1. Where does the chain land on Rg(C-alpha)/(2.2 N^0.38 Å)?
2. Based on the Cβ-Cβ distance from Arg29 to Glu62, what FRET efficiency comes out when R0 is 22 Å, to the nearest 0.05?
3. Counting only protein heavy atoms and a 1.4 Å probe, tell me what percentage of the chain's accessible area is made up of carbon and sulfur.
4. Which FRET efficiency value, to the nearest 0.05, do you get for Thr22 and Lys50 by plugging their Cβ-Cβ distance into 1/(1 + (r/R0)^6) with R0 = 30 Å?
5. Taking amide H positions as placed in the peptide plane 1.01 Å from N, state which residues far from Leu58 in sequence (5 or more) or on other chains have amide H under 5 Å from it.
6. What does the charge dipole of the chain about its Cα centre add up to, to the nearest 20 debye, if the Cβ of each Lys and Arg holds +1 and the Cβ of each Asp and Glu holds -1?
7. Averaged per residue, what accessible surface does the chain expose to a 1.4 Å probe, in Å²?
Amino acid sequence: MHRQVREGRHYPWLKFFFEVGTQDETADRNNNGIIDAIDDTVSLMDELRKKGYPEEALYYLELQDGR
C-alpha cells in the first residue's frame, strides 16, 4: 500500500480514516515495542502527508486493548 500511495496520484477531495487496536496482533518486526499494525498505519499516514494530504484529511483512532 505504501508503494501504491507513493506511485499514485493525489486526489485532493479524499479523506482517510484509520483505526487500529493495540491488541490487533503481537508481531513487531523491527523490535521497537510497537506492533506492526500500528507502525504500518502511522507510516502509511506519513506517505499520505508526503503526497500532499493535509492533516485534516487524515483521522487516526488507536483503541487501547482493541482487537
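The values are calculated or read from the model by the stated rules, or taken from the named source; none is laboratory data. As the structure is a computational prediction, the values presented were derived from the model and not from experiment. Glycine also receives a Cβ, built like all others from the backbone with ideal geometry; neighbour counts cover every protein chain displayed. Heavy atoms of the whole protein, side chains included, go into the accessibility calculation; ligands, DNA and RNA do not. Shrake-Rupley method; radii C 1.70, N 1.55, O 1.52, S 1.80 Å.
1. Relative to the 2.2 N^0.38 Å estimate, the chain comes out at 1.19.
2. 0.70
3. C and S atoms contribute 50 percent here.
4. Calculated value: 0.70.
5. Close amide H contacts, sequence-distant or interchain: Phe16.
6. 480
7. Result: 73 Å² of accessible area for each residue.
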